[in-house]
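Remarks on the structure that follows.
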Amino acid sequence: MENAFDGVFSRLFGGGVRPLQIGRRLLAHVDAEREVDAQGRRVVPNTYLVHLSAVDREGFADLETALKQELTEAVREYIRQEGYHAEGSVRVTLRTNPDFRKGKFDITSRNDAATDEPTVTPAPEPAVASTPAPTPTPVVEVSMPAPDTEVVTAPSVDRAAATLTLPNGERIELHEGVYLVGRNLECDIVISDSNVSRTHAEFACANRDVVVRDKGSTNGTKVNGVQIAGDQLLQNGDVINFGTAQVRFETS
């Protein structure tokens with residue numbers, strides 16, 4: 001954490017709250033929120049919201065995307081190191097609290113709905129004659145693993161489904177969940193362009209598929225030059241225009 005935030009963020013940011021303060025408070029919050037579930041796992045929330053004053057949030061405007069990525073990676077790494085368990089994708093986002101004065105911030109957390117891992121549904125048993133009789137249960141042929149073969153369920157790997165390249169060259173990873181795009185600082189992906197609406201569009205990522213949908217923006221959303229209406233499933237290399245702001249989409 002010290003190495004991550006004593007560098008470029010601390011040098012460039014002159015607001016009341018420093019990134020290193022946020023990072024330390026985040027890790028302490030993770031520890032404070034851990035619980036033991038019925039399986040004996042130490043479970044922690046998967047979404048962390050950093051509430052800042054309007055002045056401090058504005059101070060992060062040029063670095064916000066990179067800062068959220070660094071904070072998210074720090075929390076994920078800490079969860080791995082401590083052996084904690086979180087359902088779905090872990091992420092950190094920033095929010096503005098108009099009641100906070102400069103230098104004051106708070107952290108809250110919650111569990112956003114996680115996409116379940118694919119499950120294997122056993123094949124239905126063959127139909128049995130309708131005449132009831134106390135006969136032995138019909139034998140259903142089941143493919144069994146070879147002797148001495150241990151069946152292991154692979155752990156869930158929190159890999160990004162895709163990456164966006166913003167007009168300013170920043171790259172943002174998309175994990176499971178919904179990401180708001182717009183000029184408003186409350187959005188998950190902030191694009192500072194006068195042709196972009198305050199809340200312009202959103203990306204929805206589930207099962208490694210990503211769709212983009214317009215949110216009633218003034219200048220509309222296009223994919224490869226074509227105006228979209230409703231959900232548009234994205235493919236590797238697609239170019240998305242929010243007004244005149246161009247974003248490139250690449251699958252991982």
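Among the residues making up region 200-219, a single one is open to solvent by less than 10 Å² (accessible area, probe 1.4 Å), free of Cβ contacts under 8 Å to residues at least 40 places away in the same chain and not aliphatic (A, V, I, L, M): Phe203. Examine region 149-156 for a residue that is at pLDDT 85 or above and either open to solvent by 40 Å² or more (accessible area, probe 1.4 Å) or part of a loop (DSSP other than H, G, I, E, B) (or both), and state whether such a residue exists. No - not one qualifying residue is present in region 149-156. Pairs under 7 Å by beta carbon, first residue closer than 16 Å to Ala204 by Cβ in region 224-239, partner open to solvent by 80 Å² or more (accessible area, probe 1.4 Å) and in a loop (DSSP other than H, G, I, E, B), six or more apart or different chains? Correct list of pairs: Asp238/Asn224. Across region 227-245, the number of residues qualifying as assigned to a strand (DSSP E or B) and either buried (at least 16 other Cβ atoms within 10 Å of the Cβ) or in contact with a Ser or Thr (Cβ under 9 Å, 6 or more places away or on another chain) (or both) comes to 6. Against the conditions (1) open to solvent by less than 60 Å² (accessible area, probe 1.4 Å); (2) at positive phi, Ser197 satisfies every one except (2). Do we have Thr108 as under 25 Å from Asn207 (Cβ atoms) and either modelled with pLDDT under 90 or out of contact with any helix residue (DSSP H, G or I) (no Cβ under 7 Å at 6 or more places or on another chain) (or both) here? No: the conditions fail for Thr108. Counting the residues of region 73-87 that are over 13 Å from Ser109 (Cβ atoms) and in a helix (DSSP H, G or I) gives 8. Beta carbons closer than 8 Å, at least 6 apart along the sequence or on distinct chains, pair a first residue in region 165-176 that is loosely packed, with under 15 Cβ neighbours inside 10 Å with a second that is at pLDDT 90 or above for Arg171/Thr163; Arg171/Leu164; Arg171/Thr165.
Name the single residue, out of those in region 66-97 being open to solvent by 10 Å² or more (accessible area, probe 1.4 Å), touching a Gly at 6+ places or on another chain (Cβ under 9 Å) and not basic (Lys, Arg), that is farthest from Glu35 (Cα to Cα). Residue satisfying both the conditions and the ranking: Glu70.
The values are calculated or read from the model by the stated rules, or taken from the named source; none is laboratory data. A quick note: this is a predicted structure, and the numbers were derived from the prediction, not measured. Reconstructed Cβ throughout: ideal geometry from the backbone, glycine too, with neighbour counts over all protein chains shown. For accessibility, only protein heavy atoms count, side chains too; no ligands or nucleic acids. Shrake-Rupley method; radii C 1.70, N 1.55, O 1.52, S 1.80 Å.
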